[in-house]
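For reference, the structure is listed below as structure tokens.
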Amino acid sequence: MISKIKVLRELLDNKKVSILELTQEYIEKAKATQKKTNAFTYIAEHEALEAAASADTQEASSPLHGLPYSLKDIISTKGIPTTASSKMLEGYVPTFDATVAERLKASGAILIGKNNCDEFAMGGSNENSAYGVVKNPHNTSKVPGGSSGGSAAAVADGASVFSIGTDTGGSIRQPAAFCGVVGTKVTYGLVPRHGVMAMASSFDTVGPITSSVYDSAVVLDHIAGQSSHDMTSIKGPLGSYVDAIGKSVDGMTIGVPKEYLELLDESMKTTIMSSLDLLKAKGATIKVVSLPQTKHALSTYYILVPAEASSNMSRYDGLRYGPTVTEPKNLEELYLANRTNGLGDEVKRRILLGSFVLSHGYYDAYYLQAQKVRTLIIQDFANAFKDVDVIAGPVTPSVAFDIGGKKDPMDLYKEDVFTIPASCAGIPGMSIPVSSKGGLPIGLQLLAPQQGEGRLFTVASMLEELIGFSL
Amino acid sequence: MKFTKEQFKKLEELSKLRLSVEDELRYATDIEGVLAYAEELSAVDTTGVLPTSQVTGLSNIQRTDDVTQQELESGSTLLAHSNQEVEMKQIKVPNVL
């Protein structure tokens, strides 16, 4: 896939286009994408043009200087509305930037808008937004994936050079696969979560969605690294991820989990394995590994994440921010009315489920047991990584499904079967597009041990070069 | 797991939500479905396995108790977000009782 950063950097550095002209072009693209896919909750036209005009007077201090990008709307942006795609935060304008927004501002990149997402990042199809469903740009009757569906749709449709999404159980990797772009879920703690509205605090990660592997590495170089505002962020030094691009895969061993293959239909299995076979000619070895806890990962995740989410959602009561009912009888009435009116279906469902598994009499059987199984899932990956450098497999069971196609919550949850295990273990993963079926992209997933992003970029960049995917 | 009416009402109370009868039935069915799926976890042998709540081995992260400029400024700007009545730099809430 073509690196948009390289192409645009060349145009800007050689003064073939100004930052203002480029930003104006991307604003128009964002508006066009918006009509087709509903990928944005806010297009920051005025703010972006002002920033672009100013950026034109400055020397480019980074490869991202002057490049138009967008942020998932659960990332706080000073002076720019941040709604988490929820009615609960309608009209909320943060007074501070999230660390990731601050770092990208400092790089000189130009924020052109906030991307629509599943409400409070809860969902796998971007059908849960209070601001309308997001559509897949390759086929608007299909979902773009979620919860970072707007981010993936915007990048795939050429409306953003890159976007920043979040991945708690697959919410960067899955929409990247459905939209045919590159999505990177980082090691837990690699990119600070300060200013990112929390869903499940021990699972949430922040990462880039881009049109190429190189672009992902460039963006990650700018946003990764410890922050004093996030005490779970990883201490440095980290090194450059761009340095890992284009390195040799000779001598690397790639493991394919047999439990993942068993869940795939023949055509997906063939797509994944034939893509990986290309690496053999470059000296890599492909071998089958076992992750026996795979069958328990979905249950573990859908006990632990709603539990953490129910706790994180308790701050949304209409007192300090968000719309409120007028003249409630008492404080309890205010909480009940604001929360019931302001929070959407999936959010309510997860709060109820989470409250139940944490409640007296059920905590040990559900929550505590799930925490112990999480330890076993972590051990699964640790054992596998003794024998292989990278684990590879599918991102999703199939290509993007129909909007409205999955009514039962469990059917939607099962779409995350391949992405959830890595989230339980806090390890990094990447989705890169390798093929398509019926005009819809198919992603291949790569996983590495914690802080093994370098290996991901090396293998992914080689695959990208060998396959030359485009749609 | 099949919720009784009383159990689900208690859950609504814990969640600070007030649902219609139709929604109660719908959410109860959905959650029972997830719990039925997750029931398989009870058969997993976790003898001697410690629970994981933090995946990167962190514990008791501390910093010195210094107030930053951002913290000094944030108070009044935070109050501006509230749609409730603000009095003497405090958000006025309805009666508790």
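Can you pull out the residues in region A:324-349 that are touching a Phe, Trp or Tyr at 6+ places or on another chain (Cβ under 9 Å) and open to solvent by 40 Å² or more (accessible area, probe 1.4 Å)? Before you say what the answer is, go through the steps one by one.
To start, the set of residues in region A:324-349 that are touching a Phe, Trp or Tyr at 6+ places or on another chain (Cβ under 9 Å) comprises A:328, A:338-339, A:342-349.
A:345 - this is the single residue of region A:324-349 that is touching a Phe, Trp or Tyr at 6+ places or on another chain (Cβ under 9 Å) and open to solvent by 40 Å² or more (accessible area, probe 1.4 Å).
Is it the case that region A:210-233 has a residue that's among the hydrophobic types (A, V, I, L, M, F, W, C), under 20 Å from residue A:124 (Cα atoms) and crowded, with 24+ Cβ neighbours inside 10 Å?
In the first step, residues of region A:210-233 are kept if they are among the hydrophobic types (A, V, I, L, M, F, W, C); the result is A:213, A:217-220, A:223-224, A:231.
From what is left, the residues that are under 20 Å from residue A:124 (Cα atoms) are none.
Checked region A:210-233: no residue is among the hydrophobic types (A, V, I, L, M, F, W, C), under 20 Å from residue A:124 (Cα atoms) and crowded, with 24+ Cβ neighbours inside 10 Å.
Among strands (runs of 3 or more DSSP E) lying entirely in region A:369-449, which contain 3 or more residues that are under 17 Å from residue A:265 (Cβ atoms)? Step through it out loud before you land on a result.
Numbers: elements: A:390-394, A:429-437, A:440-447.
Ranges flagged: A:429-437, A:440-447.
Show the residue pairs meeting these rules: Cβ distance below 9 Å; 6+ apart or different chains; first residue within region A:320-331 and facing chain B (nearest Cβ under 7 Å) and at pLDDT below 85; second residue part of a loop (DSSP other than H, G, I, E, B) and surrounded by 15 or more Cβ atoms within 10 Å (Cβ to Cβ).
Once the first residue is facing chain B (nearest Cβ under 7 Å) and at pLDDT below 85 and sits in region A:320-331, its partners that are part of a loop (DSSP other than H, G, I, E, B) and surrounded by 15 or more Cβ atoms within 10 Å (Cβ to Cβ) give A:321/A:92; A:321/B:81; A:321/B:82; A:321/B:83.
Select from region A:338-363 the residues that are among the small types (Gly, Ala, Ser), more than 7 Å from every other protein chain (Cβ to nearest Cβ) and part of a helix (DSSP H, G or I) and list them in ascending order.
We begin by selecting, within region A:338-363, every residue among the small types (Gly, Ala, Ser); these are A:342, A:344, A:354-355, A:359, A:361.
After this cut, where a residue has to be more than 7 Å from every other protein chain (Cβ to nearest Cβ) as well, the list is A:342, A:344, A:354, A:361.
Result: A:342, A:354.
Restricting to region A:310-319, what's the tally of residues that are touching a Leu at 6+ places or on another chain (Cβ under 9 Å) and more than 9 Å from every other protein chain (Cβ to nearest Cβ)?
Kept after step one, since they are touching a Leu at 6+ places or on another chain (Cβ under 9 Å), are these residues of region A:310-319: A:310-311, A:313, A:316-319.
Cutting the leftovers down to more than 9 Å from every other protein chain (Cβ to nearest Cβ) gives us A:311, A:316.
Of the residues in that region, 2 qualify.
Quick check on my filter: what residues within region A:70-112 are acidic (Asp, Glu) and surrounded by fewer than 24 Cβ atoms within 10 Å (Cβ to Cβ)? Walk me through it before giving the result.
Just the residues of region A:70-112 that are acidic (Asp, Glu), to begin with: A:73, A:90, A:97, A:102.
Residues satisfying the conditions are A:90, A:97, A:102.
Any residue at all in region A:115-133 that is in contact (Cβ under 8 Å) with a residue 12 or more places away in the chain, crowded, with 24+ Cβ neighbours inside 10 Å and β-branched (Val, Ile, Thr)?
The answer is no, given that none of the residues of region A:115-133 is in contact (Cβ under 8 Å) with a residue 12 or more places away in the chain, crowded, with 24+ Cβ neighbours inside 10 Å and β-branched (Val, Ile, Thr).
When you look at residue A:302, is it in contact (Cβ under 8 Å) with a residue 24 or more places away in the chain and crowded, with 16+ Cβ neighbours inside 10 Å, yes or no?
Taking the combined requirement at face value, the residue satisfies it.
Please note which helices (runs of 4 or more DSSP H) are completely contained in chain B and include at least 3 residues that are open to solvent by less than 80 Å² (accessible area, probe 1.4 Å), within 20 Å of residue A:347 (Cα to Cα) and more than 8 Å from chain A (Cβ to nearest Cβ).
Working: elements: B:5-15, B:21-38, B:69-79.
By residue number, B:21-38.
What residue, among those in region A:287-297 that are touching a residue at least 60 places away in the same chain (Cβ under 8 Å) and open to solvent by 10 Å² or more (accessible area, probe 1.4 Å), is nearest to the other protein chains (Cβ to nearest Cβ)?
Here is the first cut: in region A:287-297, the ones touching a residue at least 60 places away in the same chain (Cβ under 8 Å) are A:287, A:289-294, A:296-297.
With the extra rule that they be open to solvent by 10 Å² or more (accessible area, probe 1.4 Å), the set shrinks to A:287, A:289-290, A:292-294, A:296.
Values: A:287: 26, A:289: 20, A:290: 16, A:292: 11, A:293: 8, A:294: 13, A:296: 6 Å.
So, considering only residues that are touching a residue at least 60 places away in the same chain (Cβ under 8 Å) and open to solvent by 10 Å² or more (accessible area, probe 1.4 Å), the one nearest to the other protein chains (Cβ to nearest Cβ) is A:296.
Got at least one residue in region A:364-381 being open to solvent by 30 Å² or more (accessible area, probe 1.4 Å), of a type in the set (Lys, Arg) and more than 9 Å from chain B (Cβ to nearest Cβ)?
no
Results for (1) farther than 24 Å from residue B:44 by Cα; (2) at pLDDT 95 or above, shown as yes or no for each residue.
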position	(1), (2)
A:389	yes, yes
A:400	yes, yes
A:417	no, yes
A:422	no, yes
A:443	yes, yes
A:468	yes, no
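Pairs please, first residue from region B:82-93 and more than 19 Å from residue A:93 (Cα to Cα), second anywhere and assigned to a strand (DSSP E or B) and open to solvent by less than 80 Å² (accessible area, probe 1.4 Å), Cβ atoms under 9 Å, 6+ apart in sequence or on different chains.
B:92/B:86
Taking the stated definitions as given, is residue A:60 buried (at least 24 other Cβ atoms within 10 Å of the Cβ) and part of a loop (DSSP other than H, G, I, E, B)? Spell out the reasoning first.
Working: buried (at least 24 other Cβ atoms within 10 Å of the Cβ): no; part of a loop (DSSP other than H, G, I, E, B): yes.
For residue A:60, the condition - buried (at least 24 other Cβ atoms within 10 Å of the Cβ) and part of a loop (DSSP other than H, G, I, E, B) - is not met.
Of the numbered conditions (1) under 21 Å from residue A:128 (Cβ atoms); (2) outside any strand (DSSP E or B), residue A:7 fails exactly one; give the number of that condition.
Going through (1) under 21 Å from residue A:128 (Cβ atoms); (2) outside any strand (DSSP E or B) one by one, residue A:7 breaks only (1).
The values are calculated or read from the model by the stated rules, or taken from the named source; none is laboratory data. Remember, it's a predicted structure, so these values are computed and weren't measured experimentally. Ideal geometry is used to build each Cβ from the backbone, glycine not excepted, and the neighbour counts take in all protein chains shown. Remember, those area values only see protein heavy atoms, side chains included, never the ligands or the DNA or RNA. Shrake-Rupley method; radii C 1.70, N 1.55, O 1.52, S 1.80 Å.
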